[in-house]
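**Student:** I'd like to ask some things about the structure below.
Taken together, the values in this text are just the output of simple stated rules run on the coordinates, not laboratory data. Here the structure is a predicted model, which is why all the values come from computation and not from measurement. Every residue, glycine among them, receives a Cβ derived from its backbone with ideal geometry; neighbour counts consider all protein chains shown.
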Amino acid sequence: PIALAQPLARTSLQSVVKWGSHVVTVGGDAPVRIQSMTNTDTEDAIGTAIQVKELALAGSELVRITVNTPEAAQAVPYIREQLDRMGISVPLIGDFHYNGHRLLSEFPDCAQALSKYRINPGNVGKGDKRDRQFSQMIEAAIQWDKPIRIGVNWGSLDQELLASLMDANNQRVNPWDAKQVMYEALITSALESAQRAEEIGLAGHQITLSCKVSGVTDLIAVYRELAKRSKYSLHLGLTEAGMGTKGTVASATALGILLQEGIGDTIRVSLTPAPGEARTQEVVVASEIIQSLGLRKFVPSVTACPGCGRTTSTTFQELTKQIDDFLRDQMPVWRTQYPGVENMKVAVMGCIVNGPGESKHADIGISLPGTGEAPAAPVFIDGEKRMTLRGESIAADFQNVVENYIRE
Ligand code: SF4
């Protein structure tokens, strides 16, 4: 028989990110986790808490917030308090650059209210201060029992390290390509920082690494090598992926390939929202990537044909969108009310050619009438034709059928 295409098993250490009794494991045999990040000013505690809640309800299991000023650090415990009041226990990750060592030591309530710290080794400081400031952050993580992510980014790569690797490269008989030196610098920065953190006393399993770049093929090359050399859990993300279709496709391509190879324990899709577009879109895309690889299920899947010259009306597109939106909107409640609902399959098809066949493969399917067909839409439930819908209210009627099926 032809082998089933299954993602390779992941082999990293497992870190524990927690808030109160709410625990999110990352790495090892834990499911691939979804992360996102707010784009509010953290000093605006209410606005940030509201966005964290929206991201959490959309399915983000970890939410990162920037902690860039003393005022932002002061707002963090208040944001946490607001979330707790709203019953949102999602762990918060503090994103630190430049002054993280000061903020973590001067604002212990902030250090305590966060569940994880992101440290960018390229922005910890220069020269003599570098080691001291890095150590201060690791000591805070040990003191407050928090895991960390050492998050390297090629937009803020450690320039001293890069320069020394460039010099070494120039001495080679056959110098590497400049890109290869950059890859090496990213990976070395992450691994050396992790080793240093362990030397200071942080347990290896509490360290997650990331090496983000903005090119799809670069990201794949860097993470393949990083996974080979690292025992730590890995956070995946295509940094600065961009807007809309470009950002979505680039992220899905890069992350999909790596996840299928067993690389990546947590992912973030860094989409730039279009004006007016919800921040939660990045969570939707991340969950679709994971679900489409069969790694996890989050929402019932909606199978729909693309439509063609046989499609008679816009009812088909409208119904597909309506059902898809309806299922997603209900999931925050259904997830707890109807465990397993995410495994459901719904089919919405445009004509008789593939309509009944796909509908029978789904838990519930509808085959809308195509050109030349009688104006009737047979509905299949659990593989059998159970009813036929007609008239103007097909969309509403089908939504009721889906809802009743789930309730029953
Ligand atoms: Fe076209 Fe029918 Fe196929 Fe849909 S199922 S793409 S309407 S032929």
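**Student:** For the residue pair E403 and S21, what label-to-label distance in nm results when each label sits 7 Å from Cα along the Cα-to-beta-carbon direction?
**Tutor:** For E403 paired with S21, the spin-label model returns 3.3 nm.
**Student:** Helix 127-143 versus the longest principal axis of the chain: what angle, 0 to 90°, nearest 10, using Cα atoms?
**Tutor:** Long axis of 127-143 versus the principal axis of the chain: about 60 degrees.
**Student:** Next question, about the same structure. With a cut-off of 16 Å, note down the residues of region 186-210 whose backbone N falls inside the zone around a label point 7 Å from the Cα of A168 toward its beta carbon.
**Tutor:** Only 186-196 pass the distance filter.
**Student:** I'd like the orientation of helix 70-85 relative to the chain: the angle between its Cα long axis and the longest Cα principal axis, in ° from 0 to 90, rounded to 10.
**Tutor:** With rounding to tens, the tilt is 40 degrees.
**Student:** Tell me, rounded to the nearest percent, the portion of alpha carbon pairs in region 18-109 spaced more than 22 Å apart.
**Tutor:** When all Cα pairs of region 18-109 are counted, 26 percent exceed 22 Å.
**Student:** Round to the nearest 10 and give me the degree value, 0 to 90, for the angle of helix 45-58's Cα axis relative to the longest principal axis of the chain.
**Tutor:** Orientation of helix 45-58: about 50 degrees from the principal axis.
**Student:** I've got another one for you. Which ³J(HN,Hα) values, rounded to whole Hz and listed in residue order, are derived for region 398-403 from phi using the Karplus coefficients 6.51, -1.76 and 1.60 in 6.51 cos²θ - 1.76 cosθ + 1.60 with θ = phi - 60°, glycine and proline given as x?
**Tutor:** Per-residue couplings from phi come out as 5, 4, 5, 4, 4, 5 Hz.
**Student:** Listing W19, W154, W144 from the residue with the fewest other Cβ atoms within 10 Å to the one with the most, what is the order?
**Tutor:** Lowest to highest Cβ neighbour count: W144, W19, W154.
**Student:** Please report Rg over Rh for region 314-408, where both radii come from the alpha carbon positions and Rh follows the Kirkwood definition.
**Tutor:** 0.96
**Student:** Sticking with this one: Local charge sum around G204 (other residues, Cβ-Cβ under 9 Å, Lys/Arg +1, Asp/Glu -1)?
**Tutor:** Summing Lys and Arg as +1 and Asp and Glu as -1 gives 0.
**Student:** Here's a follow-up. Given a cut-off of 19 Å, what percent of all Cα-Cα pairs of region 118-192 lie beyond it?
**Tutor:** Value for region 118-192 (Cα pairs over 19 Å): 41 percent.
**Student:** Related question: If you add up the charges near G383, with Lys and Arg at +1 and Asp and Glu at -1, over every other residue whose beta carbon is less than 15 angstrom from its beta carbon, what do you get?
**Tutor:** Surrounding charge for G383 is 0.
**Student:** Only helical DSSP H runs with n ≥ 4 go in: add -39500 (n - 2.57) per run for the chain, normalise by residue count and round the 222 nm mean residue ellipticity to 500 deg cm²/dmol.
**Tutor:** -14500 deg cm²/dmol
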